[in-house]
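Chemist: Input: one structure, supplied below.
FYI, it's all coordinate maths here, none of it is from the lab. Because the structure is predicted, anything quoted here is derived from the model rather than measured. Virtual Cβ from ideal backbone geometry, glycine too; neighbours counted across all protein chains shown.
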Amino acid sequence: MAEDRIENLRLSLMQDVLPVGLAMIARVKEGGASNVAELFTSVSDPLQQLRDEGESAAKTLRERLDEVSPGLGNPVMQVNVDVDEKIANFENNGDKDSLIKALDRIESRLLALEELLDNDTYEFTSSIESDE
C-alpha cells in the first residue's frame, strides 16, 4: 500500500508538477519573476496555462529519464489480467482433447486474421493503384 502511494506521488510529480515547474523556470529566464507573477493575475487558470506551456519540455525530460532507466520518466501503468480457469487449466486435468480443441480454435482465429489482413492489404493496394 505504501508503494502505491509513492508511485502515485511520482506519477503526479511527473505529469503535473514537472511541466508547471519547467514552464515557471522558462518564464523566469525569459522575463524574470515578474513574468510569472503577471501570469497569476492575468489568466483565469494559471496552473493549467503553465502546465500547457511546460508539457513539451517535460515530455522531453521524461523521455531522457526513460533512456536512463525504462519507466523512470514515463511510468508503466499497472494492468489487471483475468484468466479463464476453464481454458487455462490444462496442466491440472491432463485433458488432451480440450487442449487440441483450444489449439484448433487458436489456429482458426489466426487463419481468419491472416485472411483479413491479406484482404485489407489487397483492398488498400487496389485503392492506391486505382488512384494513379
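Chemist: Could you calculate the FRET efficiency of E30 with V68 from 1/(1 + (r/R0)^6), where r is the beta carbon distance between them and R0 is 25 Å, rounded to 0.05?
Modeler: 0.30
Chemist: Could you go through the range 7-21 in sequence order and give the Karplus-derived ³J(HN,Hα) for each residue, using 6.51 cos²θ - 1.76 cosθ + 1.60 with θ = phi - 60°, rounded to whole Hz, and x for Gly and Pro?
Modeler: 5, 5, 5, 4, 4, 5, 4, 5, 8, 10, 6, 4, x, 5, x
Chemist: For S34, S44, which order do you get if you count the other beta carbons within 10 Å of each Cβ and list the fewest first?
Modeler: Ascending Cβ contact count within 10 Å gives the list S44, S34.
Chemist: Kirkwood hydrodynamic radius, computed over distinct alpha-carbon pairs, for the range 2-68: how many Å, to one decimal?
Modeler: Hydrodynamic radius (Kirkwood, Cα pairs) of the range 2-68 is 12.8 Å.
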